[in-house]
Amino acid sequence: MSIFNKLDEYKYWRDEKLEMAVTSVDDCVVPIVDPFNLSHNEKEKLTELCTRNNFALFQLQKQESYVDAFIKINSQLGLTNYDKHLYSQDSGIAKITQTNNQEQAEFIPYTNRRIGWHTDGYYNPPEQSIRSFVLLCINKAASGGKSTWIDHQILYILLRENNPEAAHALTHARAMTIPEHITNGVIRRQKSAGPIFFIDEKSGQLSMRYTQRKKNVQFLNSVEIKQAIEVLDNLLATNSKYHFKLLLAPRQGIICNNVIHKREDFIDDPAVPRLLLRGRYFDRV
Ligand SMILES: [Fe+2]
């Protein structure tokens with residue numbers, strides 16, 4: 001599979017993408033006065049940032065009824081088709097916090113452990129691609145819990161400029177397979193095989209599915225793909241000007257077109273445990 005039909009097409013897209021990229025985190029924060037009624041300006045800034053960088057940060061000005069405010073912000077930006085994830089509740093909203101429930105704690109987001117680089121829903125079948133996700137911090141941890149991310153389209157450009165063969169290898173239709181998920185003899189999730197970089201048919205946008213988790217992930221058994229994964233991981237581990245690192249403050253959130261991200265481990269204050277709201281959508285911002 002080729003991502004761009006012509007080299008010129010790629011170069012044009014690349015140049016425009018790099019020119020538009022915003023690299024200062026402060027320039028990516030949009031203050032929101034009333035989450036239930038976004039102003040024209042707020043909406044425009046959020047969507048413009050998502051067009052340029054595939055993400056925007058937002059900051060609520062006062063304490064709100066968070067879940068309602070969260071759902072409302074997302075829907076005003078066109079995010080309504082939510083993923084009914086295992087532990088999500090009303091309108092697909094998941095509360096990301098440490099759990100005492102043993103079964104739930106098998107999923108790292110609900111622990112205080114670090115999470116390596118990944119895109120959300122990498123295990124979903126292609127027809128259920130997660131095109132965007134939104135996080136809102138209610139309480140931060142006593143220490144740790146910082147997020148790091150990079151626009152996956154920029155990542156593709158960095159990879160292709162650095163090693164075109166690796167970028168090509170990761171577009172293979174069976175580059176990464178997630179085996180089916182079975183608990184107590186019941187298939188909870190079907191096997192999902194697909195490329196790591198691909199053009200999303202619905203939006204025509206370069207998209208990504210990836211996880212650094214080695215458990216339950218099979219990469220295609222070829223030298224090219226193994227080498228390409230190594231190059232990709234090395235690139236993710238660098239600190240380019242396109243890498244963002246931030247500890248979300250209370251009432252601060254990120255809205256993004258499923259950019260690749262990771263989370264560091266954290267220590268909770270038991271009185272006020274870390275709590276983030278998360279929504280995952282089949283829509284793009
Ligand atoms: Fe995630």
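Filter the range 196-239 down to the residues that are over 19 Å from Asp120 (Cα atoms) and β-branched (Val, Ile, Thr), then identify the one that is surrounded by the fewest Cβ atoms within 10 Å (Cβ to Cβ). Top of the filtered list is Val223.
Figure legend. Inter-residue proximity from the range 13-28: first residues among the hydrophobic types (A, V, I, L, M, F, W, C), second residues assigned to a helix (DSSP H, G or I) and open to solvent by 80 Å² or more (accessible area, probe 1.4 Å), beta-carbon distance below 7 Å, spacing 6+ or different chains. No pairs are indicated. What is the residue count in the range 264-282 for residues that are open to solvent by less than 60 Å² (accessible area, probe 1.4 Å) and of a type in the set (A, V, I, L, M)? Count: 3.
Enumerate the strands (runs of 3 or more DSSP E) found wholly within the range 184-285, keeping only those where 3 or more residues are within 16 Å of the ligand (Cβ to nearest atom) and modelled with pLDDT of 95 or more.
Ranges flagged: 244-246, 252-256, 260-263, 275-281.
Highlighted here are the strands (runs of 3 or more DSSP E) found entirely within the range 27-134 that include at least 3 residues which are within 25 Å of Ile267 (Cβ to Cβ) and within 16 Å of the ligand (Cβ to nearest atom): 94-96, 115-118. Asp120 meets all of the listed conditions (1) free of Cβ contacts under 8 Å to residues at least 12 places away in the same chain; (2) under 21 Å from Ser192 (Cα atoms) but one, namely (1). The set of residues in the range 1-17 that are surrounded by 14 or more Cβ atoms within 10 Å (Cβ to Cβ) and in a helix (DSSP H, G or I) comprises Tyr10, Trp13, Arg14, Lys17.
The values are calculated or read from the model by the stated rules, or taken from the named source; none is laboratory data. This is a predicted model, so every value here is computed, not measured. Note that we place each Cβ from the backbone using ideal geometry, even for glycine, and neighbour counts take in every protein chain shown. Remember, those area values only see protein heavy atoms, side chains included, never the ligands or the DNA or RNA. Shrake-Rupley method; radii C 1.70, N 1.55, O 1.52, S 1.80 Å.
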